[in-house]
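Worksheet: the structure to be examined is printed underneath.
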Amino acid sequence: MKIRVLGCSGAIAAGFKTTAFLLDDDVLIDAGTGVGDLSLEELARIDHILVSHSHLDHVLSIPLLADSVLRLRAESRRPPIQVHGLPETLAALRQHVFNGIIWPDFTRLPSAERPVLSLHPFTIGECLELAGRHIEVLSAAHTVPACGFAVAGAEGHWVFTGDTGPNPALWARLAELRVSQLVIETAFGNEEQALADISRHLSPARLGEELRQLAGVVDVRITHIKPGEGAAVMAEIAALLSPHRVSALQAGQLMDLG
Ligand SMILES: [Zn+2]
Ligand SMILES: [Zn+2]
């Protein structure tokens, strides 16, 4: 099992893509702008999309992807791409994206009987089984209903926090799991602490408080930094002197789950 980082930035600019991870070649975890770097053939192999929350930087490639692969998947009679999310996230996609105004309702196209997308609700704590992969839905603490994911690998769990502020429930659950790699957001620098708190994201200072609740020494990869702020945010994180092995996540990076 491997995870390819398609995008890990908090916003866009040349060379910066928003959140998307490809697990093997068929499971997409979040659907930010990074998805647009996949070839049409790679896009057509995606059978599942796991969505952490409804914010645009994490969902905008879902409607575009559906349009891209509709013909290829219909020709080869592939089943609908399953979009998995919290009920509130799926309701938001229905109401605000697939509403016939922003985009057509691809849960009923090309036909209601054989659509290109189908929506599948999950709950926090649920363990999804996707073609032999075990993925647990983790809690997140954001401005809209949100979650993270833990993918079970041979060496332990690859954990993605999703967008989140301080989240004691996450650390309680991770204390019960073997964490091999942690992808955690730090969306703002310390000088924007007030903004981080209002928008329920982490700053380096808050990250330090969070990582103190993670036992052992773990490979920690920082995601969701805004374009142009990488060096400053990583310098503030280095000053934390965390015992964990902390570095910035990079688009294009391959993460091996064993
Ligand atoms: Zn968000
Ligand atoms: Zn985000």
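Each reported figure results from applying straightforward, stated rules to the coordinates on display, with no laboratory input. Everything numeric here is computed off the predicted structure, so don't read it as measured data. Backbone-built Cβ (ideal geometry, glycine too); neighbour counts: all protein chains shown.
Are there any strands (runs of 3 or more DSSP E) wholly within segment 38-144 with 1 or more residues that are in contact with an Asp or Glu (Cβ under 8 Å, 6 or more places away or on another chain), and if so which?
Working: elements: 48-50, 81-85, 117-121, 127-130, 133-139.
Counting at least 1 such residues, we get 48-50, 81-85, 127-130, 133-139.
Go through segment 192-218 residue by residue and tally those that are within 16 Å of ligand 2 (Cβ to nearest atom) and in contact with a helix residue (DSSP H, G or I) (Cβ under 6 Å, 6 or more places away or on another chain). Looking only at that region, the number is 1. Sub-9 Å Cβ pairs linking a first residue in segment 104-129 that is over 12 Å from Val83 (Cβ atoms) to a second residue that is acidic (Asp, Glu) and surrounded by 15 or more Cβ atoms within 10 Å (Cβ to Cβ), at least 6 apart or interchain, are Gly125/Glu136; Glu126/Glu136; Cys127/Glu136; Leu128/Glu136, ordered by first then second residue.
Do we have Gln193 as part of a helix (DSSP H, G or I), among the polar types (S, T, N, Q) and in contact (Cβ under 8 Å) with a residue 12 or more places away in the chain here? So Gln193 passes the test. Determine whether segment 115-122 contains at least one residue that is buried (at least 24 other Cβ atoms within 10 Å of the Cβ), away from ligand 1 (no atom under 16 Å from the Cβ) and over 17 Å from the mean Cα position of the chain (by Cα). For segment 115-122, residues buried (at least 24 other Cβ atoms within 10 Å of the Cβ), away from ligand 1 (no atom under 16 Å from the Cβ) and over 17 Å from the mean Cα position of the chain (by Cα): present.
Name the residue, out of Ala150, Ala205, Ala169, Ala154, that is surrounded by fewer than 13 Cβ atoms within 10 Å (Cβ to Cβ), away from ligand 1 (no atom under 16 Å from the Cβ) and not β-branched (Val, Ile, Thr). Before the answer, list the steps.
Details: Ala150 fails: surrounded by fewer than 13 Cβ atoms within 10 Å (Cβ to Cβ); Ala205 fails: surrounded by fewer than 13 Cβ atoms within 10 Å (Cβ to Cβ); Ala169 fails: surrounded by fewer than 13 Cβ atoms within 10 Å (Cβ to Cβ).
On inspection, the qualifying residue turns out to be Ala154.
Residues Pro79, Pro115, Pro110: which one is in contact with a helix residue (DSSP H, G or I) (Cβ under 6 Å, 6 or more places away or on another chain) and farther than 22 Å from Leu207 by Cβ? It is Pro110. For segment 173-199, a tally of residues being closer than 19 Å to Glu236 by Cα, surrounded by 14 or more Cβ atoms within 10 Å (Cβ to Cβ) and not hydroxyl-bearing (Ser, Thr, Tyr) returns 12. Return the total of residues in segment 1-24 being out of contact with any helix residue (DSSP H, G or I) (no Cβ under 7 Å at 6 or more places or on another chain) and either more than 11 Å from ligand 2 (Cβ to nearest atom) or without any contact (Cβ under 8 Å) to a residue 24 or more places away in the chain (or both). Number satisfying all stated conditions: 13.
From the list Asp67, Asp47, Asp57, Asp37, which residue is within 11 Å of the chain's Cα centre (by Cα) and surrounded by fewer than 24 Cβ atoms within 10 Å (Cβ to Cβ)? Quick ask: steps written out before the conclusion?
Working: Asp67 fails: within 11 Å of the chain's Cα centre (by Cα); Asp47 fails: within 11 Å of the chain's Cα centre (by Cα); Asp37 fails: within 11 Å of the chain's Cα centre (by Cα).
The match here is Asp57.
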